[in-house]
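Trainee: My structure is below; once you've seen it, I'll send some questions.
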Amino acid sequence: MTNHLTGRKALDKELSTLYNKLMKLGALAEDAINKAIWALKKGDTNLAEEVMQGDDKLDEITQSINEQALEIIARFQPVAMDLRMIASILHMSVDLERIGDLGVSIAKIAKVLSREKLIKPLIDIPRMGEKIREMVDLALKAFVDKNPDEAKKICSMDDEIDDLDKQIFRELVVLMMENPRNIEQAMQLILVSRALERAGDHVTNLCEHTVYMCTGKFIRASSYRRRLERTEESGKRD
Amino acid sequence: MDRKDKIIVENLNLFYGETQALKNIALTVPEKAVTALIGPSGCGKSTFLRCINRMNDFIASCRITGKILIDENDIYSPETDPIELRRKVGMVFQRPNPFPMSIYDNVAYGPRLHGVKDKGKLDEIVEKSLKGSALWDEVKDKLHKPATALSGGQQQRLCIARAIAVEPEVILMDEPTSALDPMATARVEELVRMLSSSYTVVIVTHNMQQAARVSDITVFFLMGEMIEYGPTQQIFTSPKDRRTEDYITGRFG
């Protein structure tokens, strides 16, 4: 904490440090997903290991954001936009940290699978990973630009992630039916796909917090997404 | 909030000579709630507060247009008796200003002025008022000691007791804690919350956190204009006007 500054200037300085920590966390979370997918694709154990080790750094920054945010609240009693920004950063740091954790989950699977020959070439999973990276990037940009409209748009991108997840699932189920020996690896790949799908959900949370910070209104990301086609799903069962 | 409007202000303008100190103020003050007026020095919030019990009548150059209705009666109409108005609308000032007399006499002063002579009745009013201002337990054994011997915070609560002794309906407070230490401030704030269950309280404060803590409605004034009016929760989390945002986040003022 700076002691020689008081009032608005001191608060601005604190907020900008907090903000930079969130950006750093965002970059590391993106990196974790990116590297984990790469490790999976290339069977690179070292890279997978690097992602697993790197998680401590994410936890450390999240912790530091938490502490600093509470200290700012205690010392400055922020209100209005300042308060909304701090609340959003607190929530967003949790989402980013989880995205990092999901990267670690994928890295662990990458490590296991590195010893085996893959049952299929990985195309859609890296595509999904790339999409997540792009979404995190855009979500942070919308936050930096204080652009709620952009944040809402990103929520709808999550539909593509869900589509890819379903497609991967179907494909892997077919492979499992063809040959029971595929089951173990197919299950692992389904877990990877599911981890990426959940990362997508965390990105929509990031966007919700950005909208709250900018407008003071809580939105649900689901209202900016395609409507669920429940009838089609249930129709299939017959 | 579904409270009745106790005070309705319509197109209120106030001039000190040629200078316009309040510009077209229009707002409503809900009954039995705390309404806080905030804004930088010289924004007109104290001037506005003083309009509500016609304290500005004492300033010769002061001219007022527009209306202030309390319970639908225009307080500036010729039929309104300002003395009766000030009984109904009590006021507590920045610095505690007890009269140089005993604690008891301070509280009994108003009721005596309004003709209460019966000792038993006066005793009752004094006890009730001191309880109402959360001071009774601290002074019940020294009611006939000089009020000036009390601490600053106690003196301010005594002034609140004196204000409620005449059974007002509205209590105006002009920065009531600016001369008090944090503990005494906390007690007065607690008292303000308590008072709002029986009285309509309008409070001017320089301390934004105080407005956030004690009020139900917050009104932001700037250069004689009312910029924003809204539930306190909304004003302090998502103000609508850029100028309110800048003021409460300390960007000016």
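The values are calculated or read from the model by the stated rules, or taken from the named source; none is laboratory data. None of these values were measured; they are calculated from a predicted model. Using ideal geometry, Cβ is built from the backbone for each residue, glycine included, and neighbour counts are taken over all protein chains shown. What goes into the accessible areas is simple: the full protein's heavy atoms, side chains included, and nothing from ligands, DNA or RNA. Shrake-Rupley method; radii C 1.70, N 1.55, O 1.52, S 1.80 Å.
Trainee: Only counting protein heavy atoms at a 1.4 Å probe, give the residues of segment B:234-251, ordered by number, whose accessible area falls by 30 Å² or more when the other protein chains are present relative to the chain alone.
Mentor: Hits at the 30 Å² cut-off: B:F236, B:T237, B:S238, B:E245, B:T249, B:R251.
Trainee: Given R₀ = 25 Å, FRET efficiency for A:V112-A:S222 by Cβ-Cβ distance, to 0.05?
Mentor: In this case the efficiency is close to 0.15.
Trainee: Calculate the spin-label point distance for B:K145 paired with B:R112, positioning each point 7 Å from the Cα along the beta-carbon direction, and give it in nanometres.
Mentor: So the two model labels end up 2.1 nm from each other.
Trainee: When ligands, DNA and RNA are left out and all protein chains stay put, how many square angstrom of accessible area per residue does chain A have with a 1.4 Å probe?
Mentor: 52
Trainee: May I have the count of lysine pairs in segment A:95-238 with C-alpha atoms under 28 Å apart, counting pairs 8 or more residues apart or located on different chains?
Mentor: Close lysine pairs under the 28 Å cut-off: 27.
Trainee: Antiparallel versus total DSSP beta bridges in segment B:150-244: what percent is that, nearest 5?
Mentor: Expressed as a percentage, antiparallel bridges in segment B:150-244 total about 55.
Trainee: Over the whole of A:74-80, what's the average partner chain Cβ count within 10 Å per residue? Rounded to a whole number, please.
Mentor: Taking all residues of A:74-80 together, the mean is 5.
Trainee: Placing +1 on the Cβ of each Lys and Arg and -1 on the Cβ of each Asp and Glu in segment A:170-231, which of A:M213, A:I190, A:P180 has its Cα farthest towards the positive end of the resulting dipole?
Mentor: A:M213
Trainee: Which residues, if any, in segment B:188-224 have at least 30 Å² less accessible area in the whole protein complex than in the isolated chain, probe 1.4 Å?
Mentor: B:Q209
Trainee: Right, something else. Please state the charge dipole magnitude for the protein assembly as shown, taken about the Cα centre, from unit charges on C-beta atoms (+1 on K and R, -1 on D and E), reported in debye and rounded to the nearest 20.
Mentor: 680
Trainee: To the nearest 0.05, what FRET efficiency results for B:Q234 and A:E67 with a Förster distance of 22 Å applied to their C-beta separation?
Mentor: 0.15
Trainee: Sticking with this structure for a sec: Compare the Cα positions of B:V192, A:S156, A:M128 along the charge dipole of the protein assembly as shown (+1 at Cβ of Lys, Arg; -1 at Cβ of Asp, Glu; about the Cα centre) and return the one farthest towards the positive end.
Mentor: Looking along the dipole axis, the top candidate is B:V192.
Trainee: Further question: Alpha carbon centre of segment B:37-95 versus segment A:163-186: separation in Å?
Mentor: 78
Trainee: As I understand it, the value is the acute angle between the Cα axis of helix A:45-76 and the longest principal axis of the Cα atoms of chain A; what does it come to in degrees, rounded to 10?
Mentor: The helix A:45-76 is inclined about 30 degrees to chain A.
Trainee: Quick check for you: with a 1.4 Å probe and neighbouring chains kept, what is the accessible area per residue of segment B:161-253, in Å²?
Mentor: 39
Trainee: Is there a quick way to get the dipole size of chain B? I mean about its Cα centre, with the Cβ of Lys and Arg at +1 and of Asp and Glu at -1; what is the value in debye to the nearest 20?
Mentor: 420
Trainee: Would you work out what percent of the accessible area of segment B:62-147, with all protein chains in place, is carbon or sulfur (probe 1.4 Å)?
Mentor: Accessible surface attributable to carbon and sulfur in segment B:62-147 totals 53 percent.
Trainee: Along the positive direction of the dipole of segment B:1-122 (beta-carbon charges: Lys, Arg +1; Asp, Glu -1; about the Cα centre), which of B:G66, B:G110, B:C51 reaches farthest?
Mentor: B:G110
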